[in-house]
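Here is the structure we will look at, set down as structure tokens.
Computed from the coordinates by the stated procedures, all read-outs in this text should not be read as laboratory data. Everything numeric here is computed off the predicted structure, so don't read it as measured data. In this analysis, Cβ positions are derived from the backbone assuming ideal geometry, glycine residues included, and neighbour counts consider all displayed protein chains.
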């Protein structure tokens, strides 16, 4: 490995992938999203990049562990029991694998994500 293999997000020029959650998962709005995946490990279990989402709400079910750092905007995460956590610019947190609930973007949201997908046994 060399210094050239270090991934600097400030200099990364990854192509944005635009998408929307599956229609059956959308609960409110038109939550268009984009992701710039700046790094994916050779084993495909680890990735990191920048995600952006428009106002809306959709169902989520995490098979991966995800570290998030909110760069811009406001979102509300709700668990399956309806408990809510509001996250905004400057917040850092981990969503453990197995979390189910909803993600709602109140103000266009941008985050750095780091994902670890456990191998299926």
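Quick notes
- Single residue of the stretch 1-15 satisfying the filter (exposed (fewer than 14 other Cβ atoms within 10 Å of the Cβ) and in contact with a strand residue (DSSP E or B) (Cβ under 8 Å, 6 or more places away or on another chain)) that is nearest to residue 74 (Cα to Cα): 9
- Contact map, the stretch 65-84: first residue without any contact (Cβ under 8 Å) to a residue 24 or more places away in the chain and on the phi < 0 side of the Ramachandran plot, second residue surrounded by 15 or more Cβ atoms within 10 Å (Cβ to Cβ) and not in a strand (DSSP E or B), Cβ cut-off under 8 Å, separation 6 or more or different chains; pairs are 79/99.
- Only listed residue being over 12 Å from the mean Cα position of the chain (by Cα), touching a residue at least 12 places away in the same chain (Cβ under 8 Å) and farther than 15 Å from residue 113 by Cβ, chosen from 87, 55: 55
- Checklist (1) loosely packed, with under 15 Cβ neighbours inside 10 Å; (2) in contact with a strand residue (DSSP E or B) (Cβ under 8 Å, 6 or more places away or on another chain); (3) more than 20 Å from residue 12 (Cα to Cα) applied to residue 23, failing item: (2)
- The strands (runs of 3 or more DSSP E) falling completely within the stretch 11-121 that include 3 or more residues that are farther than 30 Å from residue 1 by Cα map to 26-29, 56-61, 64-79, 84-88, 100-117.
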